[in-house]
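The values are calculated or read from the model by the stated rules, or taken from the named source; none is laboratory data. Only a predicted model underlies this, so the values are computations on that prediction, with no experimental measurement involved. Backbone-built Cβ (ideal geometry, glycine too); neighbour counts: all protein chains shown. Side chains are part of the model used for accessible areas, which takes the heavy atoms of the whole protein and leaves out ligands, DNA and RNA. Shrake-Rupley method; radii C 1.70, N 1.55, O 1.52, S 1.80 Å.
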Amino acid sequence: MTGRALSALTVRELRLAVRIGGSALLGTLFFLIVVTVVPFAVGPDLKLLARLGPAFLWIGALLASLLSIDRLFQADTDDGSLDLLMLSSTPLELVVLVKCLVHWLTTGLPLVVAAPVLGLLLDMDGMQLLSVTGTLLIGTPALTMIGAVGAALTASLRRGGLLLAVIVLPVTIPVLVFGVSAAAAATGGTVPALTPFLVLGALTLASLALAPFAAAAALRVGLE
Amino acid sequence: MVHEGTATVKRGWFGSLANPTRFSALAARTIPWLGGLSAILLAVAAYMAFFVAPPDYQQGDTVRIMFLHVPAAWLSMFAYTLIAGAALGTLVWRHPLADVAARAAAPIGASFTFLALVTGSLWGKPMWGAWWVWDARLTSVLILFLIYLGLIAMWRAIEEPARAARLVAILALVGFVNVPIIKFSVDWWNTLHQPASVFRMGGPTIDSSILIPLLVSAAGFTVLFVTLLLGAMRNEIMRRRIRSLQIRQAGATSSARAS
């Protein structure tokens, strides 16, 4: 039963994301705009842009996945469907995991696909593009999972958006540190590139294991 | 919310403190003593810091900032540990005073964190030649400060104290799990600050002429922290009582008008 319920939920979430009113690809558009705006602040020097490229792409991905996640549970809280999900026999932790999976498929994965294209705008070479895309592929699930805890904590608040950013951003610093340094280490540097890659993978796995429990606990408190 | 009377005394002295009224009475009695003790300890520490401790052979008199900086940094971590412990108390045992303690400790802990950052910055200007360097230890304390502010912002965003208590408790525990990870990642990212020199294997590496004033100062600030915490907890209990009285009064007025 649980399997059927979860696949039904996955289909529902995917439909909601891609239909009118959903936010699929909006995060990618935001990502595109951030990466376009930054060179106007830094200047058109291609050497500098290539050096800062991984950092821009990671900051853009961080903000894009953070800004799109605040509605993850809020819409369901507002229209009451979260109450139904909680009443069902499906564990709330798995519901959280499914919602995060769909959020990643509709926001995180497009970012990963868009990253090499945007990297060309920043004059990054092949190896750099490959490493940034690889780190984003490993690291963006962690951003979604950490963001989901913040989204669950602020789901029942009226003005949760800015608070979400304030409480989630400090926690995402390790992901950012290892994401950018893995991308930078792959293209030269003193550190072997494998170490930050492995730590980044560990952060993603740990957040996948722990975040659903924290988010589900927060949702239960929020609806009390 | 703190319900008086519903918190029945189960057993023992610690259990009896769960009653907010009894706790307030005890706090009122101990605060003057603790305040006096911290004043004496801090006065002794200030005397020792200025007249007993020798100036450093390299750093000169600027080394004396340490007598404020190190206790503040230690209390910044102590306060967060206390908040995390109280968060467990809120979520697991639903202790009526756990959330009061956490909520009272957050601004005090944030203040000590801020103090550690400012004193470190004042020391760094003559020593490192810059007000701020993106060194690992400074950066992780700055992030700790941001986490404190996030907790306070979260408390201020939710009107109902009972719901705020449990949501903020979850956030505090998430932060507590993350602080070591952040520390590790920032260490990996950059290292310039000197390594730990007081608490380490094989005893302290600093001379007793500096270590003793430092310990007295740390004791003084810790007692000061406890004093401030008890006072803030009393205030918080009274604030919640006033809130429930106001709600009751508003309810009585509206029902009187309706009838």
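Check the range A:27-46 and report whether any residue there is closer than 18 Å to A:HIS103 by Cβ and among the polar types (S, T, N, Q).
Taking every residue of the range A:27-46 in turn, at least one turns out to be closer than 18 Å to A:HIS103 by Cβ and among the polar types (S, T, N, Q).
Every residue in the range A:114-152 that is of a type outside the set (Gly, Ala, Ser), modelled with pLDDT of 90 or more and either under 30 Å from B:VAL168 (Cβ atoms) or open to solvent by less than 10 Å² (accessible area, probe 1.4 Å) (or both), please.
A:THR135, A:LEU136, A:THR140, A:PRO141, A:LEU143, A:THR144, A:MET145, A:ILE146, A:VAL149
Can you name the number of the only condition in (1) closer than 30 Å to B:MET66 by Cα; (2) over 18 Å from the mean Cα position of the chain (by Cα); (3) in contact (Cβ under 8 Å) with a residue 12 or more places away in the chain that B:LYS125 fails?
In the conditions (1) closer than 30 Å to B:MET66 by Cα; (2) over 18 Å from the mean Cα position of the chain (by Cα); (3) in contact (Cβ under 8 Å) with a residue 12 or more places away in the chain, B:LYS125 misses (3) alone.
Select from the range B:148-158 the residues that are at the interface with chain A (Cβ under 7 Å from one of its Cβ atoms) and open to solvent by less than 20 Å² (accessible area, probe 1.4 Å) and write down the one among them that is nearest to A:ARG158 (Cα to Cα). If you could, list the steps in order and put the result at the bottom.
Taking the range B:148-158 first, the residues at the interface with chain A (Cβ under 7 Å from one of its Cβ atoms) are B:150, B:153-154, B:157-158.
Those left that are additionally open to solvent by less than 20 Å² (accessible area, probe 1.4 Å): B:150, B:154, B:158.
Details: B:GLY150: 17, B:MET154: 12, B:ILE158: 9 Å.
So, considering only residues that are at the interface with chain A (Cβ under 7 Å from one of its Cβ atoms) and open to solvent by less than 20 Å² (accessible area, probe 1.4 Å), the one nearest to A:ARG158 (Cα to Cα) is B:ILE158.
For B:VAL174, indicate whether it is assigned to a helix (DSSP H, G or I) and either open to solvent by less than 50 Å² (accessible area, probe 1.4 Å) or more than 9 Å from every other protein chain (Cβ to nearest Cβ) (or both).
yes
For B:TYR47, all conditions in the list (1) out of contact with any helix residue (DSSP H, G or I) (no Cβ under 8 Å at 6 or more places or on another chain); (2) modelled with pLDDT of 90 or more hold save one; what is the number of the exception?
Result: B:TYR47 fails condition (2) only.
Which condition does A:LEU72 not pass, out of (1) open to solvent by less than 10 Å² (accessible area, probe 1.4 Å); (2) more than 30 Å from A:ARG51 (Cα to Cα); (3) away from chain B (no Cβ under 14 Å), if it passes all the others?
Only one criterion is unmet by A:LEU72, namely (1).
Can you tell me how many residues within the range A:149-168 are without any contact (Cβ under 8 Å) to a residue 12 or more places away in the chain, more than 8 Å from chain B (Cβ to nearest Cβ) and within 17 Å of the chain's Cα centre (by Cα)?
Total meeting the criteria: 1.
Can you tell me which of B:VAL179, B:VAL141 is closer than 27 Å to B:ARG64 by Cβ, more than 7 Å from chain A (Cβ to nearest Cβ) and either open to solvent by less than 10 Å² (accessible area, probe 1.4 Å) or in a helix (DSSP H, G or I) (or both)? Working first, answer last.
Details: B:VAL179 fails: closer than 27 Å to B:ARG64 by Cβ.
B:VAL141 is the lone residue from the list that is closer than 27 Å to B:ARG64 by Cβ, more than 7 Å from chain A (Cβ to nearest Cβ) and either open to solvent by less than 10 Å² (accessible area, probe 1.4 Å) or in a helix (DSSP H, G or I) (or both).
Quick check, is A:LEU203 within 15 Å of the chain's Cα centre (by Cα) and open to solvent by 40 Å² or more (accessible area, probe 1.4 Å)?
Answer is no for this residue.
Would you mention how many residues in the range A:1-39 are closer than 30 Å to A:GLY119 by Cβ, part of a helix (DSSP H, G or I) and touching a residue at least 40 places away in the same chain (Cβ under 8 Å)?
Summing the residues that are closer than 30 Å to A:GLY119 by Cβ, part of a helix (DSSP H, G or I) and touching a residue at least 40 places away in the same chain (Cβ under 8 Å) in the range A:1-39 gives 12.
Tell me, yes or no, whether the range B:73-88 has at least one residue that is closer than 23 Å to A:SER207 by Cα and either of a type in the set (S, T, N, Q) or within 12 Å of another protein chain (Cβ to nearest Cβ) (or both).
yes
Looking only at the range A:77-108, filter to residues that are without any contact (Cβ under 8 Å) to a residue 12 or more places away in the chain and in a helix (DSSP H, G or I); which one of those is surrounded by the fewest Cβ atoms within 10 Å (Cβ to Cβ)?
A:LEU87
Within 14 Å of B:GLY120 (Cβ to Cβ) and assigned to a helix (DSSP H, G or I): is that true of B:PHE78 in this structure?
No; evaluated as a whole, the condition is false for this residue.
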